[in-house]
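Report on the structure given below.
The values are calculated or read from the model by the stated rules, or taken from the named source; none is laboratory data. This structure is a prediction, so every number in the text was calculated from the model and none was measured. Don't worry about glycine lacking a Cβ; one is built from the backbone with ideal geometry, like all the others, and counts go over all protein chains shown.
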Amino acid sequence: MSMIVDHINYIYARDTENPVYALKDICLTIPDGQFIGVIGHTGSGKSTLMQHLNGLLKASTGSIYFNGEDIYDKGYDLKKLRTRVGLVFQYPEHQLFAETVFADVCYGPKNLKLEKQEVELRAYDALRKVGFPEELFFTSPFDLSGGQKRRAAIAGVLAMRPEILILDEPTAGLDPKGRDEILDQIKKLQTKENMTIILVSHSMEDVAEYVDRIVVMNDGEVFLDNTPKEVFGHYKELEKIGLAAPQVTYIMNGLYERGIPVSTEATTISEAADEIMRVFNKSNN
Amino acid sequence: MLREITLGQYYQTESVIHRLDPRVKLLGTILFFISLFCFKNPIGYAIARAFLAAVIILSHVPFTYMIKGMRGIVILMLITVLINLFVTQGDVVVSFWKLHITKQGIIMAAQLALRISMLIIGSSIMTLTTTPNHLTDGMEKGLRFLKAIKVPVHEIAMMMSIALRFIPILLEETDKIMKAQLARGADLESGNLFKRVKAMVPILVPLFISAFRRANELATAMEARCYHGGEGRTKMKPLKYASRDIVAYIIMLVYMGGSIFAGRLNIFRFM
Amino acid sequence: MRRVIFKMDIIRTKDVVYEYIRRDDEGEVVGITTAVDHVSLSVQQGDFIAILGHNGSGKSTLAKHFNAILLPEEGSVWVDGKLTSEEDKLWDIRQSAGMVFQNPDNQIIAQVVEEDVGFGPENMGVPTEEIWRRVEKSLKDVGMYEYRKASPNKLSGGQKQRISIAGVLAMKPKCIILDEPTAMLDPKGRREVIEAVTELNKKEGVTVILITHYMEEVVGADKVFVMDGGKVVMQGTPRQVFSLVEDLKALRLDVPQVTLLAWELKKRGLELPEGILTKEELTESLAEAYGR
């Protein structure tokens, strides 16, 4: 059960004078249960790639295999693929439409033509998993706060019980409180439900905190694909393509340059504090 | 997909046509439309085509760019042409099953195709070479006389210009909402008409809500920048006729005269 | 004496209260939310002020009082010495205190950059030649002059926000209020906007009031106000405010990563000075502590 992206290219405006090569020869293996962060500046092709993973866009060349099957094969059910690879777009609350939150979350499973009971069970389950307060289940989605709307919208995708969940900047526009709560809930989906999570983000700090692996996109290509420590070790190259490492990386490198023998691998606050304390305690002894 | 529609979207470049006063272009477009219905003979068409070609060349807008924007209308044009091809009575040239193509039908259809395409290209030249703000300024000033009969000319012009700015944004948004609902397993293609209309609800509701939200925010932003109607407003780009505008008016008059003359020619020959 | 002090305040609020009333379908009142709760503050000409707070803390509602988009239900707001409740001063007030909003798309009116920047001066009845001068200067000030003929739809989020700032600048305001201008931008766009705003404050002496929840953006401010539940709960220099890491955490606000790391290290027993704000400060203090 996994996804393999095999040499895909995506070109649009092909028949014009200046065709756009949005994706160039992308190869990725997405094993089960991994938490993957995708970073890249606006226009680097990350959103385009995500839309390929659930079949909303079709690659110009190359193949994508989901659980061993080529999704571009004749007769492959793309509609079904979309429900198994859930995609939460940026500002997903802009797609809420039903009269109540619950009805809106039911929309996905209903489209799967499930029994009414199963539909409602899944909706209930999804809302619970994103930590949506029960007393608001039957209010209008348009009366909610920004953070609650976002949760309701994520539940709308989760209710289809996807195996892979892709989130395109799920914390954009939220305040720190809303951001932490949503990311914590998403992390739980990975640890408790063993769901594969792909998180597209602009925040290096968030990525460093949560993911197992980072894919860096630049100019339609995979620029780096490795663990956070390895990727942020290349912070000078990241800067060249308009990205940055978490602040912690800069601090650790600064300390190292000042002659404090810390390892520069730390990417989160607690790792950095541990490392600095280790070095300080060692020198005291 | 949707954002590829370029019909009428301003094309930024430097040209004589771009610099013309929008009132000239507005009147010019109207006169060109009238001229298209003035004549029925090849000479008239030749004059009109030459005129149009000259304007296109002067406008510096690539012809391919214009044609690309017309894709959506081609189907409409084909239908009109086909109806005319088959419906027109006269000398049968080809016939199969119950359909007859007549000589008159062919001529009629060809004329119609020419006319419609010239009409569309003619009007798109105006919008391609005039910024919406300029265009609405032209309308506002050119139609100022309507204020006397209580037509809110400034407000209409402002509404038009804002609508034009938001069309591409809303098209992109529609595209996004559609994709998002598809990702939730929406089925927009199968079923009968009733089912399909029902399937559009999850797209239309968010779209309307978004449009209202945008309208609200825009209104606040405009007020914050001291917008309070057309009273006491000055213009960054006030409309003043330059000598090239006078020249353009003269060329238009000559063209119009030529067309009418060509039209007459037609009448003389067949009477 | 009093008048002199009064004149230096570009914005002053006294006991401002604003409530949102929620009604059900029949129009019955079902709830009242006090968005701004007895806020008194003053902003001095030329300052760079930041207002922090999580969503729903009342910061945006308060900001809308600074240029008379909202009027207080109780209390008063003075902008450049004018009371916002006086209707005949409305356009003067909006000219002195310009506002930039969150969504870059929903505040650009024209289809060409320069025409949008000219929109404000047009509304104010500024003569044509003067409009052109102002548009040119404003666009140069935000570094967008080369895009003057472009369509806003083709610009990035950060560029669009800079156009909006230029649009406000062209009205020659004394004060610019930015209501979460970076919330919808990527890191690059955020940097562009904050750099442009900082420049304006330093070079042109324009008073800046920045409303945000990104802590990194307010490190350079002269003064920070923190709002919660409609009230101002903290105020002071960034150094003073950010030294209260625990209070900020209790308000579920972020602290800049550098400050957070310094705080964490102090908690574990390292001796470091209070309120470290920048990477350089932290490196310096740690190097010193290590050498000792």
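Conditions tested, residue by residue: (1) within 11 Å of chain A (Cβ to nearest Cβ); (2) surrounded by fewer than 24 Cβ atoms within 10 Å (Cβ to Cβ); (3) over 20 Å from C:Pro238 (Cβ atoms).
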position: C:Ala166; (1), (2), (3): no, no, yes
position: C:Leu169; (1), (2), (3): no, no, yes
position: C:Thr182; (1), (2), (3): yes, no, no
position: C:Ala196; (1), (2), (3): no, yes, no
position: C:Glu217; (1), (2), (3): no, yes, no
Over the range A:119-134, the set of residues closer than 22 Å to A:Asp180 by Cβ and either out of contact with any Gly (no Cβ under 9 Å at 6 or more places or on another chain) or surrounded by fewer than 20 Cβ atoms within 10 Å (Cβ to Cβ) (or both) is A:Leu127, A:Arg128, A:Lys129, A:Val130, A:Gly131, A:Phe132, A:Pro133, A:Glu134
How many residues of the range B:141-183 are more than 14 Å from chain A (Cβ to nearest Cβ) and part of a helix (DSSP H, G or I)? The answer is 25
Among the residues of the range C:44-69, how many are in a strand (DSSP E or B) and either within 18 Å of C:Phe101 (Cβ to Cβ) or modelled with pLDDT under 95 (or both)? 5
Quick check on my filter: what residues within the range C:93-116 are assigned to a helix (DSSP H, G or I), more than 7 Å from every other protein chain (Cβ to nearest Cβ) and under 20 Å from the mean Cα position of the chain (by Cα)? C:Ile93, C:Ser96, C:Pro104
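Having 3 or more residues that are within 14 Å of chain C (Cβ to nearest Cβ) is the bar; report the helices (runs of 4 or more DSSP H) wholly within the range A:149-235 that clear it.
Details: elements: A:176-193, A:204-210, A:228-233.
By residue number, A:176-193, A:204-210.
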Residues in the range C:171-180 that are within 14 Å of chain A (Cβ to nearest Cβ) and either more than 24 Å from A:His41 (Cα to Cα) or not in a loop (DSSP other than H, G, I, E, B) (or both): how many? 1
Criterion (assigned to a helix (DSSP H, G or I) and touching a residue at least 40 places away in the same chain (Cβ under 8 Å)) met by exactly one of A:Leu49, A:Leu23: A:Leu49
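When you look at B:Gly138, is it more than 14 Å from chain A (Cβ to nearest Cβ), in contact with a Lys or Arg (Cβ under 7 Å, 6 or more places away or on another chain) and in contact (Cβ under 8 Å) with a residue 60 or more places away in the chain, yes or no?
yes
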Which number in (1) within 12 Å of another protein chain (Cβ to nearest Cβ); (2) surrounded by 19 or more Cβ atoms within 10 Å (Cβ to Cβ); (3) over 30 Å from A:Thr61 (Cβ atoms); (4) not aromatic (Phe, Trp, Tyr) marks the one condition that A:Leu87 misses? (3)
A:His94 passes all but one of the listed conditions (1) more than 24 Å from A:Asn194 (Cβ to Cβ); (2) exposed (fewer than 14 other Cβ atoms within 10 Å of the Cβ); the exception is number (2)
If you go through the range C:117-152, how many residues are within 9 Å of chain B (Cβ to nearest Cβ), part of a helix (DSSP H, G or I), free of Cβ contacts under 8 Å to residues at least 40 places away in the same chain and farther than 19 Å from B:Arg233 by Cα? 0
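Return yes when C:Val30 is within 26 Å of C:Val206 (Cα to Cα) and either modelled with pLDDT under 95 or not in a strand (DSSP E or B) (or both) and no when it is not.
Numbers: within 26 Å of C:Val206 (Cα to Cα): no; either modelled with pLDDT under 95 or not in a strand (DSSP E or B) (or both): yes.
No.
Condition check ((1) in contact with a Gly (Cβ under 9 Å, 6 or more places away or on another chain); (2) surrounded by 21 or more Cβ atoms within 10 Å (Cβ to Cβ)) across all residues:
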site: C:Thr237; (1), (2): yes, no
site: C:Glu246; (1), (2): no, no
site: C:Ala250; (1), (2): no, no
site: C:Leu253; (1), (2): yes, yes
site: C:Leu265; (1), (2): no, yes
site: C:Glu288; (1), (2): no, no
site: C:Gly291; (1), (2): yes, no
When you go through C:Val218, C:Val241, C:Val245, C:Val208 one by one, which is the residue that is β-branched (Val, Ile, Thr), at pLDDT below 95 and under 23 Å from C:Val100 (Cβ atoms)? C:Val218
Would you be able to tell me the number of residues in the range B:192-232 that are outside any helix (DSSP H, G or I), in contact with a Gly (Cβ under 8 Å, 6 or more places away or on another chain) and surrounded by 16 or more Cβ atoms within 10 Å (Cβ to Cβ)? 2
